[in-house]
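J.: What follows is a structure written as structure tokens; I'll ask about it next.
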Amino acid sequence: MKKLTFLLLLLLSYTGVFAQSNLGVTMDDTLQSSGKIYVVVSIIAIIFVGLALYLFSIDRRLKKIENEK
């Protein structure tokens, strides 16, 4: 039952891609022409690196606690 539900969910999400219009997105053109796209990408990269470091530190703490018991 889980596999069937998962398959149905994937099929519905796949058909949603075709429902999008072919109109161009002007926000990325504007950001790229003004050079601000690099600022956006660098901020997103900093956030992901911060989250990864946070998760690794939590994992290290949990391993330390598990080894104490």
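The values are calculated or read from the model by the stated rules, or taken from the named source; none is laboratory data. This structure is a prediction, so every number in the text was calculated from the model and none was measured. For neighbour counting, all protein chains shown are included, and Cβ atoms are generated from backbone atoms with ideal geometry for every residue, glycine included.
J.: Can you give me the number of residues within the range 45-69 that are loosely packed, with under 10 Cβ neighbours inside 10 Å and of a type in the set (Val, Ile, Thr)?
T.: 1
J.: Mind telling me which of the residues 38, 14 ends up being out of contact with any Cys (no Cβ under 7 Å at 6 or more places or on another chain) and either at pLDDT 80 or above or of a type in the set (D, E, K, R) (or both)?
T.: Answer to the selection: 38.
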